[in-house]
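To start, the structure under review is shown below, and the notes come after it.
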Amino acid sequence: MSYQRVGRSGLKLPEISLGLWNNFGDDHPIATQRAILRRAFDLGVTHFDIANNYGPPEGAAEKNFGRIFAEDFRAHRDELIVSSKAGYEMFDGPYGNWGSRKYLLASLDASLARTGLDYFDIFYSHRPDRETPIEETMGALAHAVRSGKALYVGISNYDPEQTRAAAAALKADGVPLLIHQPRYNMFDRHIEDGLFPVLDEIGAGSIVFSPLAQGMLTDRYLDGIPSDSRAAEGRWISEKNISPTYLGHARALNEIAKGRGQTLAQLALTWVLRHPQVTSALIGASSVRQLESSVGALEAPKLTDAELAAIEPHALANGGN
């Protein structure tokens with residue numbers, strides 16, 4: 001595993017990090033979750049990323065991680081980076097959503113209780129809140145650092161202008177913005193429109209989520225829609241996403257991957273990691289085998305100019321459609 005420095009900070013992250021967005025709720029066996037986390041750590045994946053609402057139900061991923069951490073990882077706490085986030089709907093009432101100081105700090109305490117941790121290495125504002133002053137949201141993050149409940153702070157899903165404003169508000173509180181967590185993959189390239197220069201300007205790194213576009217940048221759908229797939233389930237993508245146009249692009253990308261001795265998923269990870277501003281790619285895994293395949297992307301050489309040119313006509317927005 002290679003470890004990359006996060007912006008201008010002293011922290012390094014593995015090039016591949018493990019996200020617990022899916023597959024770590026109460027709908028998946030705890031034994032499978034444990035096997036994935038243990039194998040990830042053995043492969044050098046030292047960063048585990050959670051959020052307060054990951055499940056199902058909300059909070060289950062933190063609770064399940066906490067159980068496995070207590071049994072398997074407590075002796076390795078100083079070898080791990082564990083992050084959590086708050087910003088999406090978590091509990092009923094007017095104080096369980098968005099970016100108020102009350103919600104963020106209450107959520108931070110609840111997340112620490114569910115995981116059994118004394119602190120998070122990184123605590124994020126999960127999304128911007130246009131109805132709350134950014135100074136309040138960032139002030140809550142700065143308080144998390146000063147209270148010792150977070151070592152670093154980050155933001156997720158903020159646009160370039162919001163990112164610059166967040167960094168300025170944190171700086172005024174004496175806390176640097178460590179990292180940005182945006183969605184980025186071959187079928188969603190919105191962060192190329194202005195975010196990378198801002199990250200350079202403020203000295204922050206980034207960790208990109210959904211680098212495989214919810215499975216659309218894998219070989220999962222090239223020959224049909226499996227009954228146990230996300231497209232069949234319809235939660236994040238649906239059968240309408242698996243269109244003839246999408247399949248044409250996915251199959252072309254798959255051939256490029258084969259020419260490099262990679263799977264399509266591995267090519268997709270190599271592609272997002274090509275940017276110096278991308279510190280790490282945040283993957284999900286439903287099995288140890290899938291995890292190992294994703295980490296195998298790091299064994300491939302960098303993409304050549306010719307390969308990037310061949311990929312470009314197929315790396316389109318809107319899911320390749």
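The values are calculated or read from the model by the stated rules, or taken from the named source; none is laboratory data. This is a predicted model, so every value here is computed, not measured. Note that each Cβ is placed from the backbone with ideal geometry, even for glycine, and that neighbours are counted across all protein chains shown. With ligands, DNA and RNA removed, areas are computed over all heavy atoms of the protein, side chains included. Shrake-Rupley method; radii C 1.70, N 1.55, O 1.52, S 1.80 Å.
Of the accessible area of the chain, computed with a 1.4 Å probe over protein heavy atoms only, carbon and sulfur atoms account for 50 percent.
Available extension along the chain between residue 196 and residue 243 is 13.8 nm, counting 0.36 nm per residue and deducting the alpha carbon span.
Our estimate of slack between residue 251 and residue 275, defined as 0.36 nm per intervening residue step minus the Cα-Cα distance, is 6.2 nm. Size of segment 114-180 from its Cα atoms: along the principal axes, largest to smallest, the extents are 35, 23, 20 Å.
Based on alpha-carbon centroids, what's the gap between segment 163-178 and segment 99-138 in Å, whole number please? The two parts, judged by their Cα centres, are 15 Å apart.
Please compute the length gained on full extension between residue 312 and residue 67, using 0.36 nm multiplied by the number of residues separating them and subtracting their Cα-Cα distance.
Values: separation 245, 0.36 × 245 = 88.20 nm, distance 4.36 nm.
Extending this stretch completely gives an extra 83.8 nm.
Beta-bridge orientation, the chain: approximately 15 percent antiparallel, per DSSP, counting only bridges with both partners inside.
Taking 7 Å steps out from each Cα toward its Cβ at residue 27 and residue 159 produces label points 3.2 nm apart. Here the dipole of segment 64-176 is about 120 debye; that uses its Cα centre as origin and unit charges on the Cβ of Lys and Arg (positive) and Asp and Glu (negative).
Sequence-distant contacts, meaning Cα pairs under 8 Å at least 6 residues apart, place the relative contact order of the chain at 18 percent. Pairing the Cα long axis of helix 244-259 with the longest principal axis of the chain, what angle in degrees results, from 0 to 90 and rounded to the nearest 10? That works out to roughly 80 degrees. When +1 charges are put on Lys and Arg Cβ atoms and -1 charges on Asp and Glu Cβ atoms, the dipole computed for the chain relative to its Cα centre reaches about 400 debye. Averaged per residue, the chain has 43 square angstrom of accessible surface, using a 1.4 angstrom probe with ligands and nucleic acids left out.
For residue 149, which lysines qualify as cross-link partners when the Cα separation must be under 22 Å and same-chain residues fewer than eight apart are set aside? Within the straight-line limit of under 22 Å, residue 149 reaches these lysines: 12, 63, 85, 102, 171.
Give me the mean projected area, in nm² to one decimal, of the convex hull enclosing the Cα positions of segment 256-308.
Values: hull surface 15.0 nm².
Value for segment 256-308: 3.8 nm².
Between the listed residues 132, 162, 195, the Cα displaced farthest toward the positive end of the dipole of segment 113-231, a dipole computed from Cβ unit charges relative to the Cα centre, is found at 132. Compute the label zone of residue 118 within segment 1-45: residues whose backbone N is under 14 Å from the point 7 Å along Cα-to-Cβ. Backbone N within reach: none found.
Each listed q (0.09, 0.13 Å⁻¹) maps to a log10 I(q)/I(0) for the chain, found by the Debye formula over equal Cα scatterers with no solvent: -0.44, -0.96. Taking the Cα centre of segment 131-202 as reference, the dipole from Cβ charges on Lys and Arg (+1) and Asp and Glu (-1) amounts to some 360 debye. Centroid-to-centroid, using Cα positions, segment 3-52 and segment 293-321 are 23 Å apart. In this calculation the C-beta distance from residue 168 to residue 95 is compared with R0 = 35 Å, giving a FRET efficiency of 0.85.
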